[in-house]
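For reference, the structure discussed in these notes is given below.
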Amino acid sequence: MKYYLGLDIGGTFVKAVSITADGKILAEGKCDTGCDKGGRVMCDNIAALCAQLQAKSSGELAGVGAGCPGMIQSSSGTVKFAGNLGLKNFPLGYELEKRLGVPVKVTNDANAAALGEARFGAGRNYKNSILVTLGTGVGGGIIIDGKLFEGGASAGAEIGHMVIERHGEMCTCGRRGCFERYSSASALTRHTKFAMEEDTGSQMWTKYTSQNCSGKTAFEFMDTDRTAKDVVDWYIKYLACGLINLANIFRPEVIMLGGGVAAQGEKLTKPLQAIMDAEVFGGNDYATVTVVIASLGNGAGSLGAAALCLD
Ligand SMILES: [Zn+2]
């Protein structure tokens, strides 16, 4: 029987999974990225990790997929630029193929996570889905008709840099008012801190300071504290704006939310769905778009990377 390896390359660790074509997990593992010693050392570490998984998987290794942060040219498997890994124009696919002896496919880590959710997670029953990850930034991936949409030179699907507030907050990308300046976990934390400092009587102060509050703080107090509720409402209003833009362009059957903030579950999806139902183009009865929480958590990236080899 054939099996496939999926790699989720992060700034600190590489996570790997070995799966069958129908997504059954045969083995899992992780290793230090070690990219401070350069890309080739990183590839040596990854090859050693793959050997461990191969030893635990019976059958024939048919392909390896890798999700890597940064700007990735998937056609050649080249990391054009990955600041977190210190890599520039690095032939990741080629270096891994040399070590592993099988074809290696590479995509951006957010795309890999979207493909993982689409194949094996919350999007598995749908042909069109979008994963939106609410973390330090806002990342995501777009699945159209069962296939990953990467855009020209595989540089598209940067949904976090869709402007939702012209003349809004300055973004790291150089534009103002990007989606991720309002809808990331960092944005939520920043707004919570601001709201606490404005309202010294808020219940949020009974447990947190404006220095140790997080993206969870406002949700924790939203039922009993007006300021906390206002922060949550502010956050959901902007998040809904971005999601409806995506819905109007791509009309996926499902939008899946991942990342730290997604742990809020229905506190997030219920009000988002209500705004979606009211505002999505043409109404939400025909061609319904449903907002759900992604189901694979941190496993989405490595599973999706393995799924790159399945098409
Ligand atoms: Zn931006």
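So here's what we get for this one:
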| item | result |
| --- | --- |
| Karplus (6.51, -1.76, 1.60) ³J(HN,Hα), θ = phi - 60°, over the stretch 135-143, in Hz, Gly and Pro reported as x | x, 4, x, 10, x, x, x, 10, 10 |
| Charge dipole magnitude, Cβ of K and R +1, D and E -1 - the chain, Cα centre, debye nearest 20 | 620 |
| Surface per residue (accessible, 1.4 Å probe) for the chain, Å² | 45 |
| Sulfur and carbon atoms: percent of accessible area, the chain [1.4 Å] | 51 |
| Heavy atoms of T227 accessible to a 1.4 Å probe, total area in Å² rounded to 10 | 30 |
| Area accessible to solvent at M276, 1.4 Å probe radius, in Å² | 0 |
| The stretch 111-185, dipole about Cα centre (Lys/Arg Cβ +1, Asp/Glu Cβ -1), debye to the nearest 20 | 100 |
| Shape call, the stretch 89-180: gyration tensor on alpha carbons, a/c limit 1.5 | oblate |
| Per-pair calculated FRET efficiency, R0 = 22 Å: D32 and Q52 via Cβ, rounded to 0.05 | 0.95 |
| Y126, Y238, reordered so the largest accessible area comes first (probe 1.4 Å) | Y126, Y238 |
| Y182 - accessible surface, heavy atoms, 1.4 Å probe, Å² rounded to 10 | 10 |
| Cα-based shape type of the chain, given that a ≥ b ≥ c are square roots of the gyration tensor eigenvalues and the cut on a/c is 1.5 | prolate |
| Mean separation of Cα contacts under 8 Å (6+ apart) over length of the stretch 241-311, as relative contact order % | 42 |
| Mean-position separation - Cα centroids, the stretch 229-290 and the stretch 39-67, in angstrom | 38 |
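The values are calculated or read from the model by the stated rules, or taken from the named source; none is laboratory data. What you see is a predicted model, and the numbers here were worked out from it, not measured in a lab. Virtual Cβ from ideal backbone geometry, glycine too; neighbours counted across all protein chains shown. Just the protein is used for accessible areas: all its heavy atoms, side chains included, with ligands, DNA and RNA removed. Shrake-Rupley method; radii C 1.70, N 1.55, O 1.52, S 1.80 Å.
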